[in-house]
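All remarks here apply to the structure that follows.
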Amino acid sequence: MKKRWYVWFTMFAALSLVAAACAGDEGGDGTGKQPADGDPCAADEFGCVEIAEGDPIQIGTLLVISGENAALGQDSQNGAVLAADFLDTPGEIAGHPVEFNHQDDGCSAEGGQAGATALAAEPQIVAVIGTSCSSAALGVADTILSEAGIVLISPSNTGPALTDPATHQPFYLRTAHNDRLQGAAVANFAFNEAGWQSASTIHDGSPYADGLQQVFADTFSGLGGTIARQEAVQVGDTDFKPLLTDLAADNIDGLYFPIFVAEGGLITAQARTVPGLGETDLAGSDGMFTPDWIEAAGADNAEGVYISGPDLTAFADPDFYENEFLPAYQEQFGEEPQSVFHAHSFDAFNLVADAIEEVAIQEGGTTQIPRTALKDALFAVEESAGIVGNFTCDDNGDCLPCATMSVHQVEGGDFGDPVYSEELCLEG
């Protein structure tokens, strides 16, 4: 299927695989002919999703849509919903209307488990867009849905462990960047541009925060900087002054705390009251890249803080993003995007939609979607152009091999334009 703003490219290997799984009397090209040499649904370990004529194709979302971090997930959910309106036939895949099943990942392992379990129990769920938070996916939603043969593709999981060969689950992919890129970009900025010679980090024990601060620390040290401390706090903690007082004693140039809205807001506010931190730069990342964090910290306290994330000014298709996507988003949802992964979610939905079109077996009005063939079609994506960039999915589920990361500095209660931007690519 061709979207009006880009053309998908697929590997010959993917076509060969699908032909083998779904080949029919007319070559297995999705024409709906039943293969003469066997039933692909019976041959598939996870079978097929069978959709009767007139019934919807059900797509799940598993994103944080409640609590302090709701802006992160709601923004991504909006991106996926909007993508359905931009299909060749709006709201329709393979001749069937699209229906969403929205679940809340709670930005936690518990939320990921509950949401993934609910979706896995629904036999008509074809694929899931999610999760928002790496903690909801790693060893939880990614495992539950992989064991059910359901594709999980995340627009905002950035934790390196999710696509590490040692921990990657077979049905998991992401359109978000890997924090091997973001952590390096923040360290490069801190050392080379902001002039930090020493720094400390704070994480909250989540795969996202812990992985990101570790990449930062390793890169910063490799550049010649000194990491004084790497400290951990608990989600739900409210008094950080004793920890911040200890950190101030080290006379560090910068404090990097890539956590989420609630704890990030409190640390920002309390750091402003700790003697010895007055000259220390504060920095966070995309878990705090929302007006909700500025509100939680207080605009005066957030002033001057550095925040990193994907560079929204360096998307691969800026014309579509500025002139079509954003106006449609504002019209449908009544506000501007409140976080930074809405376009990543739009792209994730389109990858899924095209993979469904590619592998669907149609007989009359009934459509069968082999679960393994759908997964394999996604992993075979190569040089597919989206809003965010060109997607090529590797064996471990990283689909965005190169990304432009930016650092912003809060000014006047707003994130403003990037003060630093760098394109980085995964190696190996």
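Values quoted throughout were computed directly from the atomic coordinates according to the rules given, and no laboratory measurement underlies them. Please read all numbers here as calculations on a predicted model, not as lab measurements. Every residue, glycine as well, gets a Cβ built from its backbone with ideal geometry; the counts of neighbours run over all protein chains shown.
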In whole Hz, with x marking every Gly and Pro, tabulate ³J(HN,Hα) for the stretch 70-75 from phi via Karplus 6.51 cos²θ - 1.76 cosθ + 1.60, θ = phi - 60°.
4, 4, 4, x, 5, 4
State the answer as a single residue: which of ALA161, GLN103, ALA80 lies farthest towards the positive end of the charge dipole of the chain, with beta carbon charges of +1 for Lys and Arg and -1 for Asp and Glu, about the Cα centre.
ALA161
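Dividing the alpha-carbon radius of gyration of the stretch 70-116 by 2.2 N^0.38 Å (N being the number of residues), what value is obtained? Could you put the intermediate results ahead of the total?
Values: Rg = 13.2 Å, N = 47, 2.2 N^0.38 = 9.5 Å.
Dividing the Cα radius of gyration by 2.2 N^0.38 Å gives 1.39.
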Positive-pole candidate from PHE346, TYR172, ILE59, dipole of the chain, charges at beta carbon:
TYR172
Could you list the GluC sites (Glu not before Pro) in the stretch 233-320 that lie in coil according to DSSP, counting only those with at most 12 other Cβ atoms within 10 Å of their Cβ?
GLU279
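Which semi-axis lengths, in whole Å and largest first, follow from the square roots of five times the eigenvalues of the Cα gyration tensor of the chain? Working shown, then result.
Details: eigenvalues 335, 78, 73 Å².
Each semi-axis is √(5λ); the values are 41, 20, 19 Å.
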Which is the longest run of the chain containing none of the trypsin sites (Lys or Arg not before Pro) found in DSSP loop states (not H, G, I, E, B) with at most 11 other C-beta atoms within 10 Å?
5-428
In debye to the nearest 20, the charge dipole size for the chain, taken about the Cα centre with +1 at each Lys and Arg Cβ and -1 at each Asp and Glu Cβ, equals 480 debye
Candidates GLN77, GLN58, GLN182, ranked by Gaussian network fluctuation over the chain, Cα under 10 Å, top entry
GLN58
Among PHE320, ASN69, GLY254, the residue whose Cα sits farthest towards the positive end of the charge dipole of the chain (+1 at Cβ of Lys and Arg, -1 at Cβ of Asp and Glu, taken about the Cα centre) is GLY254
For the stretch 124-252, report the % of Cα-Cα distances exceeding 26 Å.
34 percent
Once Lys and Arg are counted +1 and Asp and Glu -1 for all other residues with Cβ under 12 Å from that of ASP311, the total becomes -4
Taking only Cα atoms, what is the 0 to 90° angle, nearest 10, from helix 12-22's long axis to the longest principal axis of the chain?
50 degrees
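What GluC sites (Glu not before Pro) does the stretch 38-79 have in DSSP loop regions with at most 16 other beta carbons within 10 Å? Present the calculation step by step, with values, prior to reporting the outcome.
Numbers: sites: GLU45, GLU50, GLU53, GLU68; in loops: GLU45, GLU53, GLU68.
Here the sparse-neighbourhood loop sites are GLU45, GLU53.
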Using θ = phi - 60° and the Karplus relation 6.51 cos²θ - 1.76 cosθ + 1.60, list the HN-Hα couplings for the stretch 237-254 in order, rounded to whole Hz, with x at every Gly or Pro.
4, 10, 10, 10, 5, x, 5, 5, 5, 4, 5, 4, 5, 8, 6, 6, 7, x
Amide H of GLY205 versus every other amide H placed in the peptide plane: which residues, excluding those fewer than 5 positions away on the same chain, fall under 5 Å?
ASP210, VAL233
Helix 342-359 versus the longest principal axis of the chain: what angle, 0 to 90°, nearest 10, using Cα atoms?
20 degrees
For the stretch 241-299, state which chymotrypsin sites (Phe, Trp or Tyr not before Pro) are in a DSSP loop and have at most 13 other beta carbons lying within 10 Å of their beta carbon.
none
To the nearest 20 Debye, how big is the dipole of the stretch 72-191 about its Cα centre, given +1 on the beta carbon of each Lys and Arg and -1 on that of each Asp and Glu?
360 debye
